[in-house]
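Here's the structure, in structure tokens; my notes come after.
Every number in this text was worked out from the coordinates using simple rules, so none of it is lab data. Only a predicted model underlies this, so the values are computations on that prediction, with no experimental measurement involved. Using ideal geometry, Cβ is built from the backbone for each residue, glycine included, and neighbour counts are taken over all protein chains shown.
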Amino acid sequence: PAFAERVADVIGLYLAPPGGAVVLSIDEKTQIQALDRTQPVLPVTFAASEKRTADYVRHGTTNLFAALNVSTGEVLGECKPTRNGKDFLAFLKKAVKPHAGKDIHVVLDNLSTHTTPEVKEWLSKNPHVHFHFTPVGSSWLNQIEIWFGILTRQSIRRGTFSSVNVLIKQIRDYINSWNTTAKPFTWTATAGEVLAKVRLVATNVKKLVNNNSN
């Protein structure tokens, strides 16, 4: 029941957010590597797939904190060298600041960095901010994960970065470009449809485990 309630809660926010409220989808994409390839990604040619060199040099990593406004599709992002409760709270404050005076519903996963004593204390002092946790193993319900996938495919995976700062600049440029034409994602699945798919996957996994144990 708790799982079903969380799924219904999140999807309900997407399909029918409370009147006048802001819904933010927040998460972190961690340990993004600044890979400097010895050759750039080769262009796709007829009857040939994209090619890229396997040789690269690692220049470090960054952690991207991002918030997607569900009603507009706009993204606020910030890269930080670390990812902990203090970093998350600082980003959370920045994400909600533009929406002062409104109720704010935040969709996120239930990681320890999102539920530190400091975060809980801040929430108690800001009752207009409400957390909605995705069920364990269902982070894909969070719309920012969809955007992370787009960012990876269109910008990071194809990139060659001589330093972490170059990587961070490309991420910032991508966010700025995205926001110039941002549109909300259209969520079409109902809570019932999502639950049915989740139950089907769980059943198939259980069958697979049972077959392997026999």
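What does the highest-first list of 92-105, 129-142 look like by mean Cβ count within 10 Å?
Working: 92-105: 15.1, 129-142: 16.9.
Put in order of decreasing packing, that is 129-142, 92-105.
Once the Cβ-Cβ distance of ASN126 and LYS86 is raised to the sixth power relative to R0 = 22 Å, the FRET efficiency obtained is 0.85. Report the local net charge at SER139: Lys and Arg +1, Asp and Glu -1, summed over other residues whose C-beta lies under 9 Å from its C-beta. Net of charged neighbours comes to -3.
Measuring r between the beta carbons of SER138 and THR188 and using R0 = 22 Å, the FRET efficiency lands at 0.80. Extents of the stretch 73-214, taken as max minus min of Cα coordinates on every principal axis and listed largest first, are 52, 44, 31 Å.
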